[in-house]
Each structure stands twice: as C-alpha cells, then as structure tokens.
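First the structure, in the form of structure tokens, and then the observations on it.
The values are calculated or read from the model by the stated rules, or taken from the named source; none is laboratory data. Because the structure is predicted, anything quoted here is derived from the model rather than measured. Cβ sites come from the backbone with ideal geometry, for glycine too, and all protein chains shown count toward neighbours.
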Amino acid sequence: MANPLLTDKAMGLGNLNKQNDSWAPPTVTQPINDGPVSRWDGGVMTVAGTASATMMLLVLILASATVTWLSIDAPAPGALVQIPFGWVIGGFIIGFIAVLVGSFKPHLARIAGPIYALAEGVVLGAISRAYSEQYNGIVLQAVGATLGVFVVMLLLYRSRIIKVTDRTRRIVMGAMMGLMAFYLVSFIIGMFGSMPSFIHDASPMGIAFSLFVAGLAAFNLALDFDMIEKGVANKLPAHMEWFCALGVVVTLVWLYLEILRLLSKLRDR
C-alpha cells in the first residue's frame, strides 16, 4: 500500500528552490499569546511530538492486532485457520476512509490516525494469524525485519547517505503510481481469469517482484522523514505531528505486509 499522505501539497510546503533542490522556510507570524493555550491551538510541530504520535499509533495497532489474533479460533489439526474476512474487509474500508480524511483534512489526523490504527490492527491481526499458522515464526521475523529496515533507513537519512531531492521524490512517487496501476489492472484481470502468477508464487521472478515492492516501501520512509524535517523547520502547527505520524504508520504497515509476503515466498522455495 503506497503512502498518499506526505506530499508537499498536503503539507503546505510548496516553496521549493528549484535550482538547488532545497526548500526555504516561509516567514511565520507568531500568534499573540495572552495566556496559556493548548498545544493544538498554538503549538508548533516537533520531531519529539511526531515520534510520540507515531509510537501511540503503533501501540494501538499492536493492541488491536493482538485482540484480533486471540479472537480467532485455533484450527483443527491439518486444517487451515478460518479468517474472518468480514473483519478484514471492514477494517480495510474503515482504515482507508480514515487515511482519506487525514489526507484531505490534516487537522483531523489526530482523530483519523487512531481510527486507522485500530482498524488496520484488525486487518494485520487476521492476516498475521493466517501466515503464522502456515509458516511457524514468520510474524516475528517480519516484525523484526520491518523494525530493522526502519532503523537502517532512518540512519541512512540522518547521515545524508540517502538524500531526498525533487528528482528522487518524482521517481519514487512515479514508481508507486505505476505499482498501484499494475495492482489495479491485475485485479481486474483476475476477475475474468487469473492474476499474474509472480505476484504470489515463489518463482525467482516472484521473489524479485516482492523485493522490488519491499524496497520501494522502504525508500518511501526516506520521503516520510524528509517531510517531517520540512514540517518542523517550517514551524507547522502541532496537529501536523499526527498527520506525519499517520503517514509514517501507513508506510510501515505497507512495508510489513510486503516483507511478510516475501518471507512466505522464501519459505516456499
């Protein structure tokens, strides 16, 4: 799942210097402070605040996924686990709507974010339980790999080994749009026949495809980090912490699912 949230337009950061791929923070007029105000009314975005919001959303996902996991009955010996597809579809729809609300109404992200986390936790809990029954220990491997990729991408970004420029952003966004179009066409074809086999099978092409998609999701984290850095430097309102946190969590969910699929293909080799 591509991250539709953290874009210059959505963040209100259109003041880019096209000559050197840098950005210049606009002049910010400080509001008159006649006394104590709430963070939502007068605060500005910070890295610590964004990190706290991200952690809270991840905790909500973990809690929701755990409850869902435990709510699914253990399968009979030799049988497949019965996934409540109604839960999965419902969670996906609610999560998708929450992302759209957060994308078009950033000031509502502090509400849309927790709703997305709880709904997506249901989806992840059900899917993870199904994978766990078929591949012992794969969920912990996928979680560990996702956290590892996150840390590595953060270090690479902070050390400026990976630099996010306008060209980089266009390439990554273009690749994500192409991937979404490919999935859509494959879904339509699947309604009348069969989807391309390499999407799900463990062939060399299938593994290469999963590596590409997981890599694309990982590189999208760099774009998320870049937008957070811009938002903090531009002194955006504090509610943008939740907006950016939602964007990061969407990317992490996408990355986790792609790593889960990749590991399952490697197990089937």
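For the stretch 156-173, how many residues meet the condition of being in a helix (DSSP H, G or I), among the aliphatic types (A, V, I, L, M) and in contact with a Phe, Trp or Tyr (Cβ under 8 Å, 6 or more places away or on another chain)?
Quick first cut of the stretch 156-173, residues in a helix (DSSP H, G or I) only: 156-158, 166-173.
Applying the additional criterion that residues be among the aliphatic types (A, V, I, L, M) yields 156, 171-173.
Applying the additional criterion that residues be in contact with a Phe, Trp or Tyr (Cβ under 8 Å, 6 or more places away or on another chain) yields 172.
Here the count works out to 1.
Let me spell it out: the conditions are (1) touching a residue at least 40 places away in the same chain (Cβ under 8 Å); (2) surrounded by 14 or more Cβ atoms within 10 Å (Cβ to Cβ); (3) within 30 Å of Thr68 (Cβ to Cβ), and Gln134 meets all of them except one. Which number is the exception?
Single failed check for Gln134: (2).
Can you name every residue in the stretch 68-102 that is surrounded by 21 or more Cβ atoms within 10 Å (Cβ to Cβ) and within 30 Å of Met45 (Cα to Cα)?
Matches in the stretch 68-102: Gly91, Gly95, Ala98, Val99, Gly102.
The conditions are (1) assigned to a loop (DSSP other than H, G, I, E, B); (2) modelled with pLDDT of 95 or more, and Ala79 fails exactly one of them. Which is it?
If we test Ala79 against (1) assigned to a loop (DSSP other than H, G, I, E, B); (2) modelled with pLDDT of 95 or more, just (2) comes out false.
Hey, could you check the stretch 234-252 for residues that are small (Gly, Ala, Ser) and assigned to a helix (DSSP H, G or I) and say which is surrounded by the most Cβ atoms within 10 Å (Cβ to Cβ)?
Step by step, filter the stretch 234-252, then rank; the result is Gly247.
Cβ-Cβ under 9 Å, sequence separation 6+ or interchain: first residue in the stretch 81-110 and on the phi > 0 side of the Ramachandran plot and without any contact (Cβ under 8 Å) to a residue 60 or more places away in the chain, partner part of a helix (DSSP H, G or I) and surrounded by fewer than 18 Cβ atoms within 10 Å (Cβ to Cβ). Which pairs?
Once the first residue is on the phi > 0 side of the Ramachandran plot and without any contact (Cβ under 8 Å) to a residue 60 or more places away in the chain and sits in the stretch 81-110, no partner that is part of a helix (DSSP H, G or I) and surrounded by fewer than 18 Cβ atoms within 10 Å (Cβ to Cβ) comes close enough.
Is the stretch 211-227 home to any residue that is touching a residue at least 12 places away in the same chain (Cβ under 8 Å) and either more than 18 Å from Phe150 (Cβ to Cβ) or surrounded by fewer than 16 Cβ atoms within 10 Å (Cβ to Cβ) (or both)?
Yes; the residues of the stretch 211-227 include at least one that is touching a residue at least 12 places away in the same chain (Cβ under 8 Å) and either more than 18 Å from Phe150 (Cβ to Cβ) or surrounded by fewer than 16 Cβ atoms within 10 Å (Cβ to Cβ) (or both).
If you go through the stretch 137-180, how many residues are closer than 12 Å to Ala218 by Cβ and hydroxyl-bearing (Ser, Thr, Tyr)?
So the answer is 2.
Rundown of residues vs (1) on the phi > 0 side of the Ramachandran plot; (2) buried (at least 21 other Cβ atoms within 10 Å of the Cβ); (3) at pLDDT 95 or above; (4) in contact with a Ser or Thr (Cβ under 7 Å, 6 or more places away or on another chain), yes/no style:
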residue	(1), (2), (3), (4)
Ile162	no, no, no, no
Val172	no, no, no, no
Met176	no, yes, no, no
Ile189	no, no, no, no
Asp201	no, no, no, no
Pro204	no, no, no, no
Tyr256	no, yes, yes, yes
Arg267	no, no, no, no
